[in-house]
There are 2 protein chains.
Amino acid sequence: MEFVPSEEALLNEELKRIRADIDAVFDALLPVPMDSRKRLVEAMRYAAIGGGKRVRPLLLAATADLFGVDRDMAVRAGCAVEAIHAYSLIHDDLPCMDDDDLRHGKPTVHKAFDEATAVLAGDSLHALAFEILSAPEMSSDPFTRAELVATLAMASGMNGMAGGQVMDMAAEEKDYDLHAITRMQQLKTGALLAASVEMGAILGRLPAEGRGGLRGYARDIGLAFQIADDLLDYEGDEAKAGKALRKDDEQGKQTFVTLMGADQAREQARALVDQAVGHLAQHGEDARLLAALARFIVERDR
Amino acid sequence: MEFVPSEEALLNEELKRIRADIDAVFDALLPVPMDSRKRLVEAMRYAAIGGGKRVRPLLLAATADLFGVDRDMAVRAGCAVEAIHAYSLIHDDLPCMDDDDLRHGKPTVHKAFDEATAVLAGDSLHALAFEILSAPEMSSDPFTRAELVATLAMASGMNGMAGGQVMDMAAEEKDYDLHAITRMQQLKTGALLAASVEMGAILGRLPAEGRGGLRGYARDIGLAFQIADDLLDYEGDEAKAGKALRKDDEQGKQTFVTLMGADQAREQARALVDQAVGHLAQHGEDARLLAALARFIVERDR
């Protein structure tokens with residue numbers, strides 16, 4: 001009889017594995033130069049290596065696994081997504097943005113280095129993402145490379161993450177309702193999570209027409225992820241989260257929690273996860289990791 | 001007898017044409033949304049439309065012309081380069097970087113809008129560049145799209161423009177010699193100018209082995225461009241330049257002018273232009289516009 005690990009054991013194993021894999025690729029991609037760019041690359045490494053849960057690369061890799069994609073390729077593409085995520089955190093933490101001092105339990109990049117270096121380390125990680133995806137080592141198929149770039153660029157710019165960040169900034173002045181909050185979060189957080197799943201499908205050469213189920217899964221977990229984030233901000237433990245919490249409330253921002261109440265928000269997040277897992281039915285047991293990830297996203301404490 | 005316009009008339013005509021073309025594509029790519037991203041897209045339009053000499057897109061288009069590339073394609077790719085250039089100016093002008101109030105004769109983006117919007121407008125233009133290049137409308141050939149992305153990403157990141165910017169920031173503390181200044185400028189300004197020429201060759205499907213002459217041309221004009229910039233900073237007219245000058249001197253930075261003297265720097269720039277034009281010999285009369293551009297680069301007054 002084959003030993004089948006519990007869903008939690010499987011997930012912990014896979015989270016540990018992807019963290020090590022992503023760190024190793026970043027380490028190889030970011031050798032510290034001997035010239036005066038040393039400080040820049042050190043800041044990039046500080047932001048990119050060793051921090052974060054690596055949910056996005058694991059989403060990408062777990063999706064790619066469904067189609068038997070080589071893990072090294074999935075990790076490379078995951079590094080590109082994580083480079084975008086890391087740059088966005090550096091820029092979001094800047095004094096002129098959210099002005100945060102702590103990220104992943106350590107000083108933010110502009111605190112550990114300086115503001116100018118933080119801006120440029122973010123910009124350089126941004127460019128690195130597209131350098132990774134467009135390089136021949138990413139995939140021997142140029143169509144795959146171009147599609148990966150297009151998907152990630154669209155998810156990060158004005159019609160994705162950056163656009164959502166602007167909507168979030170405006171939320172302090174405008175009284176967003178549930179519809180507006182949902183739309184904002186779909187761009188701010190949802191777009192990059194969805195891109196991670198989509199990029200896994202692209203590596204798996206799944207034609208766009210066949211991606212409906214996976215896109216439904218991605219949409220649902222994206223929203224669940226943000227509701228969980230709002231709950232964490234509302235009732236989480238700062239030490240575990242490794243960053244300042246209760247900021248939404250201080251700024252008088254509407255969130256899923258202020259609009260629905262904590263209990264209903266939690267219920268909604270769990271319902272979304274069930275719905276997300278439902279979208280995976282056609283993949284059967286193969287989608288166990290994606291299902292486990294969906295549950296992790298709402299139950300996490302950081 | 002056919003009328004052959006003077007080199008100056010040809011150049012002015014072409015600069016006017018590319019300015020109109022680039023503005024039209026940006027205008028189409030950046031419709032102002034009805035939601036709270038309005039301010040972001042307005043800031044992107046403010047930075048991208050109507051400003052700048054458009055030297056980079058014209059370099060790209062003039063190179064592409066050598067191979068009979070459709071002008072619309074060259075303009076699209078030129079917009080991607082210009083989006084990178086525009087984002088870099090927005091971020092360079094920020095208070096934590098060069099802290100400039102004036103650019104192209106109008107308030108810088110963080111002055112006209114605010115710092116957070118400036119950071120995000122820069123980030124969004126950065127992503128837009130790769131969205132443009134990876135879109136199927138850019139080229140029907142995915143290999144061309146991926147190669148365009150790879151070339152521009154490499155030229156903008158830590159081994160290109162952003163790396164050069166960091167080296168420039170460090171120049172205040174370190175006493176750079178001519179060798180170090182040259183290396184810094186090759187990254188800071190040269191990489192994007194060289195990428196523009198390279199992308200014209202990529203659109204023209206010129207294999208990498210055949211790009212030696214054009215690369216030599218790009219390398220020489222890149223350096224000449226920066227020497228001309230240093231000369232402008234040293235002896236130029238602020239009203240014409242549309243930005244603050246004499247900043248290098250105030251900051252005690254070494255430049256080509258401080259290291260060589262203005263006269264020798266001017267001589268050096270002109271020698272580089274002659275050398276650059278020499279690299280174009282194999283293209284004969286077809287390269288007239290590239291030759292005119294090289295001369296414009298050192299003789300310009302803004």
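Yes or no: A:ARG183 out of contact with any strand residue (DSSP E or B) (no Cβ under 8 Å at 6 or more places or on another chain), without any contact (Cβ under 8 Å) to a residue 60 or more places away in the chain, more than 13 Å from chain B (Cβ to nearest Cβ) and part of a helix (DSSP H, G or I)?
No.
Of the conditions (1) over 22 Å from B:GLY157 (Cβ atoms); (2) more than 9 Å from every other protein chain (Cβ to nearest Cβ); (3) out of contact with any Lys or Arg (no Cβ under 9 Å at 6 or more places or on another chain), A:VAL75 fails just one. Which one is it?
(1)
Specify which of the listed residues (B:ALA239, B:ALA244) is part of a loop (DSSP other than H, G, I, E, B) and modelled with pLDDT under 90.
B:ALA244
Can you confirm whether A:LEU178 is aliphatic (A, V, I, L, M) and buried (at least 16 other Cβ atoms within 10 Å of the Cβ)? Walk me through it before giving the result.
Details: aliphatic (A, V, I, L, M): yes; buried (at least 16 other Cβ atoms within 10 Å of the Cβ): no.
In short, no.
For the stretch A:272-293, does any single residue satisfy the condition of being closer than 20 Å to A:LEU148 by Cβ, surrounded by fewer than 19 Cβ atoms within 10 Å (Cβ to Cβ) and of a type in the set (Asp, Glu)?
Among the residues of the stretch A:272-293, not one is closer than 20 Å to A:LEU148 by Cβ, surrounded by fewer than 19 Cβ atoms within 10 Å (Cβ to Cβ) and of a type in the set (Asp, Glu), which makes the answer no.
Is it fair to say B:ALA224 is part of a helix (DSSP H, G or I) and either under 17 Å from B:GLN186 (Cβ atoms) or modelled with pLDDT of 95 or more (or both)? Talk me through it step by step, then tell me what you get.
Working: part of a helix (DSSP H, G or I): yes; either under 17 Å from B:GLN186 (Cβ atoms) or modelled with pLDDT of 95 or more (or both): yes.
Criteria met by B:ALA224.
Inside the stretch A:104-117, can you point out the residues that are buried (at least 22 other Cβ atoms within 10 Å of the Cβ) and more than 22 Å from B:MET161 (Cα to Cα)?
The one that is buried (at least 22 other Cβ atoms within 10 Å of the Cβ) and more than 22 Å from B:MET161 (Cα to Cα): A:THR108.
Checking the structure you have, find out if any residue of the stretch A:25-42 is crowded, with 22+ Cβ neighbours inside 10 Å, of a type outside the set (Asp, Glu) and within 15 Å of the chain's Cα centre (by Cα).
The answer is no; no qualifying residue exists.
Being touching an Asp or Glu at 6+ places or on another chain (Cβ under 6 Å) and basic (Lys, Arg): is that true of A:LYS111 here?
Numbers: touching an Asp or Glu at 6+ places or on another chain (Cβ under 6 Å): yes; basic (Lys, Arg): yes.
Against the criterion (touching an Asp or Glu at 6+ places or on another chain (Cβ under 6 Å) and basic (Lys, Arg)), A:LYS111 qualifies.
Of all residues in the stretch A:45-74, which are of a type in the set (Gly, Ala, Ser) and crowded, with 24+ Cβ neighbours inside 10 Å?
Within the stretch A:45-74, A:ALA47, A:ALA48, A:ALA61, A:ALA62, A:ALA64, A:ALA74 meet the criteria.
Can you tell me how many residues in the stretch A:26-53 are at pLDDT 95 or above and away from every other protein chain (no Cβ under 13 Å)?
Count: 4.
Could you check the stretch A:79-103 and list, in sequence order, the residues that are more than 12 Å from chain B (Cβ to nearest Cβ), crowded, with 17+ Cβ neighbours inside 10 Å, modelled with pLDDT under 95 and outside any strand (DSSP E or B)?
A:ASP100, the sole residue that qualifies.
Just checking, how many residues over the stretch B:155-170 are at the interface with another protein chain (Cβ under 8 Å from one of its Cβ atoms), touching a Lys or Arg at 6+ places or on another chain (Cβ under 6 Å) and among the small types (Gly, Ala, Ser)?
Count: 1.
Taking the options A:ASP233, A:ASP237, name whichever one is over 30 Å from B:ALA43 (Cα atoms), touching a helix residue (DSSP H, G or I) at 6+ places or on another chain (Cβ under 9 Å) and among the acidic types (Asp, Glu).
Sole residue among the options that is over 30 Å from B:ALA43 (Cα atoms), touching a helix residue (DSSP H, G or I) at 6+ places or on another chain (Cβ under 9 Å) and among the acidic types (Asp, Glu): A:ASP233.
Could you pull out the residue among A:LEU206, A:LEU152, A:LEU192 that is out of contact with any Leu (no Cβ under 6 Å at 6 or more places or on another chain), closer than 22 Å to A:ARG71 by Cβ, away from chain B (no Cβ under 11 Å) and crowded, with 19+ Cβ neighbours inside 10 Å?
Values: A:LEU206 fails: crowded, with 19+ Cβ neighbours inside 10 Å; A:LEU152 fails: away from chain B (no Cβ under 11 Å).
Within the list A:LEU206, A:LEU152, A:LEU192, the selection yields A:LEU192.
Among residues belonging to the stretch A:118-144 that are more than 7 Å from every other protein chain (Cβ to nearest Cβ) and hydroxyl-bearing (Ser, Thr, Tyr), point out the one that is surrounded by the fewest Cβ atoms within 10 Å (Cβ to Cβ).
Among them, the one singled out is A:SER140.
Hey, any hits in the stretch B:109-117 for a residue that's out of contact with any helix residue (DSSP H, G or I) (no Cβ under 6 Å at 6 or more places or on another chain), more than 8 Å from every other protein chain (Cβ to nearest Cβ) and part of a loop (DSSP other than H, G, I, E, B)?
Within the stretch B:109-117 (the criterion being out of contact with any helix residue (DSSP H, G or I) (no Cβ under 6 Å at 6 or more places or on another chain), more than 8 Å from every other protein chain (Cβ to nearest Cβ) and part of a loop (DSSP other than H, G, I, E, B)), the answer is no, since none of the residues qualifies.
Restrict the check to the stretch A:160-171 and report whether at least one residue is touching a Leu at 6+ places or on another chain (Cβ under 6 Å), buried (at least 24 other Cβ atoms within 10 Å of the Cβ) and part of a loop (DSSP other than H, G, I, E, B).
Yes: one or more hits.
The values are calculated or read from the model by the stated rules, or taken from the named source; none is laboratory data. These numbers come from a predicted model, not from an experiment. Methodologically, a virtual Cβ is constructed for each residue, glycine included, from the backbone with ideal geometry; neighbour enumeration extends over all protein chains shown.
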